[in-house]
Every structure is written in structure tokens, then in C-alpha cells.
1. Looking at segment 195-203, can you tell me whether even one residue there is out of contact with any Pro (no Cβ under 9 Å at 6 or more places or on another chain), buried (at least 19 other Cβ atoms within 10 Å of the Cβ) and closer than 28 Å to ASP2 by Cβ?
2. Tell me, which helices (runs of 4 or more DSSP H) lie completely within segment 126-223 with 1 or more residues that are free of Cβ contacts under 8 Å to residues at least 40 places away in the same chain and within 22 Å of ALA89 (Cα to Cα)?
3. Can you name every residue in segment 93-123 that is within 21 Å of ALA145 (Cα to Cα) and either without any contact (Cβ under 8 Å) to a residue 12 or more places away in the chain or among the hydroxyl-bearing types (Ser, Thr, Tyr) (or both)?
4. Any residue at all in segment 176-186 that's closer than 15 Å to VAL13 by Cα and at pLDDT 95 or above?
5. Provide a single number: the residues in segment 102-139 that are away from ligand 2 (no atom under 11 Å from the Cβ), among the hydrophobic types (A, V, I, L, M, F, W, C), surrounded by fewer than 17 Cβ atoms within 10 Å (Cβ to Cβ) and within 26 Å of ALA200 (Cα to Cα).
6. Select from segment 183-194 the residues that are under 20 Å from the mean Cα position of the chain (by Cα) and either among the charged types (D, E, K, R) or surrounded by 18 or more Cβ atoms within 10 Å (Cβ to Cβ) (or both) and list them in ascending order.
7. Collect the residues in segment 43-70 that are among the charged types (D, E, K, R) and surrounded by 21 or more Cβ atoms within 10 Å (Cβ to Cβ), keeping them in residue-number order.
8. Return yes when THR99 is surrounded by fewer than 23 Cβ atoms within 10 Å (Cβ to Cβ) and either polar (S, T, N, Q) or closer than 23 Å to VAL164 by Cα (or both) and no when it is not.
Amino acid sequence: MDKPVYKRVLLKVSGEALMGDQGFGIDVNVADRIASDIAEVRALGVEVGIVVGGGNIFRGVAVASKGGERVTGDHMGMLGTVINALALATSLRKMQVETVVLSAIAMPEICESFSQRATRGHLDAGRVVIFAGGTGNPFFTTDSAAALRAAEMGAEAIFKGTQVDGIYSADPKKHLDAERYDHLTHQEVLARGLQVMDVAAVAVARENSIPIIVFSIHDRGGFGQIMSGGGRKTIVTES
Ligand SMILES: Nc1ncnc2c1ncn2[C@@H]1O[C@H](COP(=O)(O)OP(=O)(O)OP(=O)(O)O)[C@@H](O)[C@H]1O
Ligand SMILES: O=c1ccn([C@@H]2O[C@H](COP(=O)(O)O)[C@@H](O)[C@H]2O)c(=O)[nH]1
């Protein structure tokens, strides 16, 4: 594989992708497959931080839409991301990739708590860092957590590994005629209301001049191919 384009990156892993063909939860084969792609990139010497979504377990809005309290629903969603982080860490460790989970919500019996200093220390020591618990606050998403953690760890790019292979003019799952973009600016994503990532996340990435690369997490080897300058993706930059 060619020399990597970036030295330090943040990978956002879709929670929904982790459930594979099941309707809920984690398909270990999918977690192992995603972990093998991460291991490949780590083997290139790239420092990797990861935020995992929680859409395969709970979303706060879904709880609220059935009459539950939104904040409690969001707490459930954040706990779901911890479960996913532990599952992905397990898959990575099976592949001998040193991995640590740092949670935005303190749960010392289960994993370390997040701090920027701890993050930098683990990355410098060559560990993959999985950020669990989102931002630690309700009314946010793991996309926002990904953008925040990317800025805090000094990532050169955010890789959003999602269910689709890039950014389209409209949701490609609902609009089969949507046009796919190879390149956009942060401002264009915001101005056109392209909903592949939430507005707050794109704004944080723009403020910190961090490119966003959207690709399909289902594309085996896709993370590594993009890291080598190829692959199928949409790249979002300042200009
Ligand atoms: N303009 C667009 N271009 C591409 N995808 C879009 C667009 N608008 C909406 N989408 C949808 O956004 C989804 C990604 O958003 P979302 O953050 O919900 O997913 P995720 O990161 O895979 O989920 P989670 O981690 O919460 O489980 C894609 O699967 C796609 O269907
Ligand atoms: O900072 C955060 C991050 C997430 N949540 C809650 O978790 C779920 C799952 O996250 P996704 O980004 O949708 O995958 C989300 O729907 C929120 O309910 C949160 O409250 N704060």
C-alpha cells in the first residue's frame, strides 16, 4: 500500500452499519470486518481515533417519539455508543491492535474517562483510541462528537464511514436519481442542506479547517484505499 495521505485521522463508524442484516444490535462479523480495515490503516503507521454511532441500539428522538423523555432517550443513545465502542475494541484487540476506549461519561469500572491529555498520550503510544459516549451531552449526535474529538486530537481529516458511498444532492436511499459529488466545500454542504452529517458537526470541522471524507464503511478495504490517495469518496474541504 502507498504512503498514507494523512498521519492522524478520526474515523466515524456508523452505528447502523454494525448491525449488518439484523434489525438491531451488533453483528460480530461486521465489527470484525470493519476492525480489519482499521488494522490495515494502523499498520501504515497512521494514528487513528474512532467515534462510533449508536443508531443500531437507540436514538433519543425515537424514544421521545413514543412519549419518552428526550434527555433519557439521549442518555440511552449515549450508552448504546459505549456498547458499540466496547464491541469494536474487542474486534480490534482480536487482531492484536492495541486499543483503548475513552468515555465522555465516567464509568471507571468499564473504561477510562475522556480527556484530551489522555487521548494524546494513547495516540503517541501507538494505540487506537475509541471515543465512547458521544459528546456526553443530550441533544447532540455522534457526528458532532466526531468533529469535536477530531479537533481535540489534532486530526488532519474526519473519515465518515457510513451506509452510502459519498455525499449526494439528496438522500440517495430516498432519491434514486440523486447526483453524487466528488468534492464539496464545507460551506456548500451547509448552504445546500445536505444531511449526510449534522450542521453542528460540519460547522466545527469548518471552524477548525478539517476536511471531511464521506465513504461507505461497507466497502472492504475502502478506508485504506482512501488513505493511499484512491478509493471512492466525497471530500469536503475549505475551498
Ligand atoms: N445528501 C446526502 N448524501 C448522502 N447521504 C445522505 C444525504 N442526506 C441524507 N443522507 C443519509 O444520511 C445517512 C448518514 O447519516 P447518519 O448520521 O444518520 O448515519 P450514520 O452515521 O450511518 O448513523 P449512526 O451512526 O447514527 O447509526 C446515509 O445513510 C444517507 O442515507
Ligand atoms: O453527543 C451525543 C451523541 C449521541 N447522543 C445520543 O445517542 C444517539 C445515538 O447517536 P447517533 O449519532 O444518532 O448515532 C443519538 O440519537 C442521541 O440520542 C447524544 O445524546 N449526545
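The values are calculated or read from the model by the stated rules, or taken from the named source; none is laboratory data. Note that the structure is predicted; figures quoted are calculated from it, not measured. Because the Cβ atoms are built from the backbone with ideal geometry, glycine has one as well, and the counts that use them run over all protein chains shown.
1. Among the residues of segment 195-203, at least one is out of contact with any Pro (no Cβ under 9 Å at 6 or more places or on another chain), buried (at least 19 other Cβ atoms within 10 Å of the Cβ) and closer than 28 Å to ASP2 by Cβ, which makes the answer yes.
2. Per the criteria, 142-153.
3. Scanning segment 93-123 gives THR99, SER103, ALA106, PRO108, SER113, SER115, ARG117, THR119, GLY121.
4. Within segment 176-186, none of the residues are closer than 15 Å to VAL13 by Cα and at pLDDT 95 or above.
5. Residues meeting the conditions: 2.
6. Within segment 183-194, LEU184, HIS186, VAL189, LEU194 meet the criteria.
7. Of everything in segment 43-70, just one residue is among the charged types (D, E, K, R) and surrounded by 21 or more Cβ atoms within 10 Å (Cβ to Cβ), namely GLU47.
8. no
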